[in-house]
Amino acid sequence: MRAPASLWLCLGLPALPLEALGLGETPGASVLSTGGHDPRVLMGNRAACALGIIPGMRTGAAHALGSLEVHTRCESAERAALHALAAWCGQFTSFVSLAFPDGLLLEVGKSLSLFGGIEAIRRSIRTGVAALGYQPILAIAPTPLGAIFFVRACQESCLTDLRQLRGPLGRLPLEVLGVDEGVAEALVGLGLRDLGDYLRLPRDGMARRFGPDVVSRLDRALGRQPDPRVPFEPPARFERVLDLPHEVYDTEALQFAARRLLLELTGFLRARGAGTRLLVFGLVHRDRRESTFRLELVEPSRDPEHLGQLLQIRLERLNLPEPIRALKLMVDELCPQDGISLALLPGAKARAQSIAFLERLRARLGAEAVRGLGLVPDHRPEAAWYLCPPGEASALSDRRRRPLWLLAEPRVLVVQKGRPLLRGPLELIGRGERIEGGWWDGRPIARDYFIARNPAGSRYWVFREIEGDRRWFVHGIFD
């Protein structure tokens, strides 16, 4: 039998109920409770396990072992976390499928050459998932159900040959089948201990006794039957809400939650070969009221470190009117961004440094405080420019003839012996430039412009009225 064309990686998240609420790595002991009249522990984090708290224990007995926080399981948060992680996994493969309630399936066979082999892609996925706050179990097998069985047994595996699958699968416990409780008890009653015991029994007899479903599951796990999977369809836009384990009173405590959202976002963007220029953060306060702030970029980006630095600067000037219970991140604008590096092009490094500096300024001072200049095809200096985002700024031309710094309003100059004065008499340099226009919009001008220099060597842009009193004005300053 030839090795299968597909290779499946199952990403198991056994602690997803805790991790979806941000309780997986909190320093204090936290558990999830069943609730009801006799609440019991569903699972606890590492700090709770260190106290001796185990699943099934009454929460009252767990409290007696030490300081403990009890939380209610939130299945909607688990689904949202699983969907967000599925969208993040799209950067590694074009086919991701949900394996409810706490796993994902990735078809990675066609991605191995792109990421440098099976060990490299497994290492990249493990590192990235851990950075998001999850402790995963990764199993690779030639069939999707085979990979799921290994994860259910909490066994990490890396099997690439379908012919080698039967032996390792046969050593797994019967519980990985996921059959009804009655069928599971009947299988144990026959003296079966693992899947290998089951595989040695007659197929027809087992199908008549327990139904075709059990036989079909093993056939699909071994590759004897097809096992089609429904692909996960990622959303068109990124929107994620992360509930915080505790109320947050200052922006510094938001950094960890914000980093997790940024990592999810950048994986989402990589999967689409895109970046973004605008991130909108929402703060859900104690009374469920929301406030928002924006993080605007000069150029599209999906670099989590760069976005994290900008966000940290932005949070430093953010005042929290009320405690925060949840953090939201929304990105509607996706900008195409291929993976080709332009770092070797002339001037690329200096340009990247300039853009990074502009974005830090905008994050610290606000988007309205740092603007670019766009050019308008109009001869009148007052009407030849407009304020725009820095990334849309136009290249300034003929800077020798026109200054970069214009006064808000031209200022009248004193004239002495026929020469305008500005910290001394001005000397006109070169030929003048006559500008007439504006009759079409009711703001006509008629001026002769000159470059002038005073005794200290400062250069100014001055003009003289062509009509009327023929006064002199200063309109700009050269650098």
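The values are calculated or read from the model by the stated rules, or taken from the named source; none is laboratory data. Source: prediction; values computed, not measured. We place every Cβ from the backbone using ideal geometry, glycine too, and count neighbours over all the protein chains shown.
Every residue in region 25-43 that is without any contact (Cβ under 8 Å) to a residue 24 or more places away in the chain, more than 21 Å from G133 (Cα to Cα), of a type outside the set (K, R) and in contact with a helix residue (DSSP H, G or I) (Cβ under 8 Å, 6 or more places away or on another chain), please.
The one that is without any contact (Cβ under 8 Å) to a residue 24 or more places away in the chain, more than 21 Å from G133 (Cα to Cα), of a type outside the set (K, R) and in contact with a helix residue (DSSP H, G or I) (Cβ under 8 Å, 6 or more places away or on another chain): V41.
For region 98-110, give me each residue that is crowded, with 18+ Cβ neighbours inside 10 Å and either among the aliphatic types (A, V, I, L, M) or in contact with a Phe, Trp or Tyr (Cβ under 6 Å, 6 or more places away or on another chain) (or both).
A99, L104, L105, L106, E107, V108
Just to be sure I understand, how many residues within region 307-330 are in contact with a strand residue (DSSP E or B) (Cβ under 9 Å, 6 or more places away or on another chain), outside any loop (DSSP other than H, G, I, E, B) and not hydrophobic (A, V, I, L, M, F, W, C)?
So the count comes out to 3.
Within region 414-444, how many residues turn out to be without any contact (Cβ under 8 Å) to a residue 40 or more places away in the chain, under 20 Å from D378 (Cα atoms) and part of a loop (DSSP other than H, G, I, E, B)?
Of the residues in region 414-444, 5 are without any contact (Cβ under 8 Å) to a residue 40 or more places away in the chain, under 20 Å from D378 (Cα atoms) and part of a loop (DSSP other than H, G, I, E, B).
For the structure I just gave you, tell me whether P425 is of a type outside the set (F, W, Y) and under 53 Å from the mean Cα position of the chain (by Cα). Write out each step before concluding.
On the way: of a type outside the set (F, W, Y): yes; under 53 Å from the mean Cα position of the chain (by Cα): no.
Judged against the criteria, P425 is not a match.
It is to be established whether one or more residues within region 184-199 are under 30 Å from Q255 (Cα atoms) and part of a loop (DSSP other than H, G, I, E, B). Write out each step before concluding.
Narrowing region 184-199 to residues under 30 Å from Q255 (Cα atoms): none.
Checked against the condition, which is being under 30 Å from Q255 (Cα atoms) and part of a loop (DSSP other than H, G, I, E, B), region 184-199 yields no hits at all.
Name the pairs: first residue in region 150-169 and within 18 Å of E119 (Cα to Cα), second residue part of a helix (DSSP H, G or I) and not aliphatic (A, V, I, L, M), Cβ to Cβ under 6 Å, at least 6 apart or on different chains?
From region 150-169, the pairs are S157/F150.
So, G52, is that one at pLDDT 95 or above, closer than 30 Å to A221 by Cβ and not hydrophobic (A, V, I, L, M, F, W, C) or not?
Working: at pLDDT 95 or above: yes; closer than 30 Å to A221 by Cβ: no; not hydrophobic (A, V, I, L, M, F, W, C): yes.
The answer is no for G52.
Filtering region 285-296 down to residues that are surrounded by fewer than 20 Cβ atoms within 10 Å (Cβ to Cβ) and not charged (D, E, K, R), which residue is farthest from L318 (Cα to Cα)?
Within region 285-296, the match that is farthest from L318 (Cα to Cα) is H285.
Of the residues A207, A221, which is in a helix (DSSP H, G or I), at pLDDT 95 or above and closer than 26 Å to E185 by Cα?
One residue alone meets the criteria, A221.
Surrounded by 13 or more Cβ atoms within 10 Å (Cβ to Cβ), of a type outside the set (V, I, T) and outside any loop (DSSP other than H, G, I, E, B), is that true of R447?
yes
Are any residues in region 450-473 in a loop (DSSP other than H, G, I, E, B) and touching a residue at least 40 places away in the same chain (Cβ under 8 Å), and if so, which ones?
Matches in region 450-473: R471 only.
How do the pairs read when you match residues in region 313-338 that are acidic (D, E) with residues anywhere that are modelled with pLDDT under 90, using Cβ under 6 Å and keeping only pairs 6 or more apart or on different chains?
Note: pairs meeting the criteria are E322/R286.
Pick from D338, D303: which is in the same structural domain as Q255 (by TED's automatic domain parsing), at pLDDT below 85, surrounded by fewer than 16 Cβ atoms within 10 Å (Cβ to Cβ) and within 17 Å of the chain's Cα centre (by Cα)?
Within the list D338, D303, the selection yields D338.
Residues of region 125-141 being more than 21 Å from K110 (Cα to Cα) and assigned to a helix (DSSP H, G or I), which ones?
Residues of region 125-141 more than 21 Å from K110 (Cα to Cα): 130-137.
Of everything in region 125-141, those that are more than 21 Å from K110 (Cα to Cα) and assigned to a helix (DSSP H, G or I) turn out to be A130, A131.
L16 is checked against (1) outside the structural domain of C158 (by TED's automatic domain parsing); (2) in contact with an Asp or Glu (Cβ under 6 Å, 6 or more places away or on another chain) and fails just one. What number does that condition carry?
(1)
Could you say whether any residue in region 197-217 is farther than 25 Å from E119 by Cα, in the same structural domain as Q135 (by TED's automatic domain parsing) and polar (S, T, N, Q)? Walk me through how you get there before you give the answer.
Of all residues in region 197-217, those farther than 25 Å from E119 by Cα come to 197-217.
Checking the rest, the ones that are also in the same structural domain as Q135 (by TED's automatic domain parsing) come to 197-217.
Those still in the list that are polar (S, T, N, Q) too: 216.
Yes, there is a match, as at least one residue in region 197-217 is farther than 25 Å from E119 by Cα, in the same structural domain as Q135 (by TED's automatic domain parsing) and polar (S, T, N, Q).
If you scan region 250-276, which residues turn out to be part of a loop (DSSP other than H, G, I, E, B) and in contact with an Asp or Glu (Cβ under 9 Å, 6 or more places away or on another chain)?
Applying the first criterion (part of a loop (DSSP other than H, G, I, E, B)) to region 250-276 yields 250, 272-273.
Of everything in region 250-276, just one residue is part of a loop (DSSP other than H, G, I, E, B) and in contact with an Asp or Glu (Cβ under 9 Å, 6 or more places away or on another chain), namely G273.
Pick from region 408-422 the residues that are surrounded by fewer than 16 Cβ atoms within 10 Å (Cβ to Cβ) and within 52 Å of the chain's Cα centre (by Cα): which of them is nearest to Y386 (Cα to Cα)?
Among residues in region 408-422 that are surrounded by fewer than 16 Cβ atoms within 10 Å (Cβ to Cβ) and within 52 Å of the chain's Cα centre (by Cα), the one nearest to Y386 (Cα to Cα) is A408.
Looking at this structure, is E368 at pLDDT below 85 and acidic (D, E)?
Values: at pLDDT below 85: yes; acidic (D, E): yes.
Yes, satisfied.
Whether any residue in region 128-136 is in contact (Cβ under 8 Å) with a residue 60 or more places away in the chain and polar (S, T, N, Q) is what I want to check.
Within region 128-136, one or more residues are in contact (Cβ under 8 Å) with a residue 60 or more places away in the chain and polar (S, T, N, Q).
Could you identify the single residue in R123, R46 that is more than 21 Å from the chain's Cα centre (by Cα) and of a type in the set (K, R)?
Going through R123, R46 in turn, just one is more than 21 Å from the chain's Cα centre (by Cα) and of a type in the set (K, R): R46.
Considering region 186-238 alone, what residues qualify as being in contact (Cβ under 8 Å) with a residue 60 or more places away in the chain and surrounded by 15 or more Cβ atoms within 10 Å (Cβ to Cβ)? Reasoning before the result, please.
First pass over region 186-238, keeping only residues in contact (Cβ under 8 Å) with a residue 60 or more places away in the chain: 217, 220-223, 227, 229-232, 234-235, 237-238.
Passing the criteria: R217, R220, A221, L222, G223, D227, R229, F232, P234, F238.
Matching residues to (1) of a type in the set (A, V, I, L, M); (2) surrounded by fewer than 19 Cβ atoms within 10 Å (Cβ to Cβ):
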position	(1), (2)
G12	no, no
S30	no, no
A47	yes, no
H71	no, yes
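For region 356-371, name all the residues that are in a helix (DSSP H, G or I) and of a type in the set (G, A, S).
A356, A363, A367, A369, listed by residue number.
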